[in-house]
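Heads up, the thing below is written out as structure tokens.
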Amino acid sequence: MPYVEKHCVQFSDSGSIVYDFANAEQYLLEVVLSGKPLLDLEVRTIQYTNAAGSGDSGNVSLLAQKVKQVPLPRDIAENILKELRSPVEALHCLELLEVCISFLLTTGGSFAQHLDDQVSNKLLSKYIKQDLLMDDGTEFDSKTIAQQCQLKHIDALWKLLRDATVTDVFASVRPKYRAPLSERQKQAVQALAQQKKLDLDVLLPVMKEFVTSQLREDQTAASRSVKETIGFCEVKDQNLSDLPWFQSFFPDDLLMSNMLDVYHTLESVHR
């Protein structure tokens, strides 16, 4: 405090006190912290992706308009997760993928709104080496990514890698959407999944993306219908509500307050 009072306090023209802590910060660095060993920490719960996925997810959405995107086959996604041994390796792949996204978004400038479908079938690894001319340190930490992932898989791959960099991708979901289902509702949802009334290969990725991106704030009413809310989510240029199986079989009585438990219940049957 004596140091702050002597070196960090100024008075404005009106006589009010103005604090400038830059001097105190420099003092701490030079006197207190100088010579201390650096710690290299690996914190498993850290959110590695930039800006918690805000800006980069926007770039991925823009890319989907330029390069046709399709989901990753389930077996390929599972193999990728097995080959990535830590969040750090997933982060390395994610950073490399974001370089590809940045270049693809600028390809053709503002005149090329949509790239040829042949571009979407190109292997990611070939695009990096042949088009971007990147060699040293640009290998994916997964043979499956290098050998099977194409530019049309970038959207699905980005989301897979993003989730692999954190321990709990649902950690930021607001409490108002975490209420448990009643036992009757849970059994009804499980029965729908077991009877294959719902296309979970389509539904679960859409639900997961909605939960992780939209439910980090309290803007959506907890009393609103899940079916009505996610019905506007797009799947291959059409809304979920336009799909016959969704319109016919997805329950009308599920509320957004139970959204996270609805997803987990469906996912537990799909595994």
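Just so you know, in region 164-208 the residues that are surrounded by fewer than 15 Cβ atoms within 10 Å (Cβ to Cβ) and of a type in the set (A, V, I, L, M, F, W, C) include one that is nearest to C93 (Cα to Cα), and it is A171. Of all the listed residues (A164, A179), the sole one being at pLDDT 95 or above and hydrophobic (A, V, I, L, M, F, W, C) is A179.
Which pairs do you get when a residue that is assigned to a loop (DSSP other than H, G, I, E, B), found in region 58-81, comes within reach of a residue that is surrounded by 13 or more Cβ atoms within 10 Å (Cβ to Cβ) and acidic (D, E), reach meaning Cβ atoms under 8 angstrom, with the pair 6+ apart or on two chains? The qualifying pairs are Q69/D155. The C-beta contact set for region 227-250 (first residue in contact (Cβ under 8 Å) with a residue 40 or more places away in the chain and surrounded by 16 or more Cβ atoms within 10 Å (Cβ to Cβ), second residue assigned to a helix (DSSP H, G or I) and not polar (S, T, N, Q), distance under 7 angstrom, 6+ apart or interchain) comprises F246/L240; F250/K227.
Every residue, every condition in (1) modelled with pLDDT of 85 or more; (2) among the small types (G, A, S); (3) in the same structural domain as P205 (by TED's automatic domain parsing), yes or no:
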site: A64; (1), (2), (3): no, yes, no
site: V67; (1), (2), (3): yes, no, no
site: A77; (1), (2), (3): yes, yes, no
site: K82; (1), (2), (3): yes, no, no
site: L97; (1), (2), (3): yes, no, no
site: C100; (1), (2), (3): yes, no, no
site: F103; (1), (2), (3): yes, no, no
site: G109; (1), (2), (3): no, yes, no
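Taking (1) at pLDDT 95 or above; (2) out of contact with any strand residue (DSSP E or B) (no Cβ under 7 Å at 6 or more places or on another chain); (3) of a type in the set (G, A, S) in turn, A191 satisfies each apart from (1). Condition check for V169 on (1) of a type outside the set (S, T, N, Q); (2) in the same structural domain as H264 (by TED's automatic domain parsing); (3) under 17 Å from S268 (Cα atoms): one failure, at (2). The criterion of being buried (at least 19 other Cβ atoms within 10 Å of the Cβ), in a loop (DSSP other than H, G, I, E, B) and touching a residue at least 24 places away in the same chain (Cβ under 8 Å) does not hold for L115.
For the structure I just gave you, tell me whether V211 is of a type in the set (A, V, I, L, M) and either surrounded by fewer than 18 Cβ atoms within 10 Å (Cβ to Cβ) or free of Cβ contacts under 8 Å to residues at least 24 places away in the same chain (or both). Answer is no for this residue.
Being part of a helix (DSSP H, G or I) and not assigned by TED's automatic domain parsing to the domain that holds S61: is that true of A188 here?
Values: part of a helix (DSSP H, G or I): yes; not assigned by TED's automatic domain parsing to the domain that holds S61: yes.
Judged against the criteria, A188 is a match.
In region 140-154, which residue that is in a helix (DSSP H, G or I) and within 13 Å of L94 (Cβ to Cβ) is farthest from the chain's Cα centre (by Cα)? In this case the residue turns out to be I145. Which residue pairs have Cβ atoms closer than 6 Å, lie 6 or more positions apart in sequence or on different chains, and pair a first residue in region 25-54 that is under 17 Å from H92 (Cβ atoms) with a second residue that is assigned to a loop (DSSP other than H, G, I, E, B) and at pLDDT below 80? Final answer for the pair search is R44/T167; Q47/V166.
Condition check for Q147 on (1) assigned by TED's automatic domain parsing to the domain that holds K68; (2) closer than 23 Å to L62 by Cβ: one failure, at (2).
Given the criterion part of a loop (DSSP other than H, G, I, E, B), surrounded by fewer than 11 Cβ atoms within 10 Å (Cβ to Cβ), at pLDDT 80 or above and not basic (K, R), identify the matching residue among D13, D40.
Details: D40 fails: at pLDDT 80 or above.
Going through D13, D40 in turn, the sole match is D13.
Count of region 167-185 residues, restricted to those that are touching a helix residue (DSSP H, G or I) at 6+ places or on another chain (Cβ under 8 Å) and either closer than 19 Å to W245 by Cβ or in a helix (DSSP H, G or I) (or both), is 3. Candidates are the residues of region 165-210 that are farther than 12 Å from N258 by Cα and among the polar types (S, T, N, Q); the one that is nearest to the chain's Cα centre (by Cα) is T165.
The values are calculated or read from the model by the stated rules, or taken from the named source; none is laboratory data. Fair warning: this is a prediction, and the values are worked out from it, not measured in the lab. All Cβ positions, glycine included, derive from the backbone under ideal geometry; neighbour counts span all protein chains shown.
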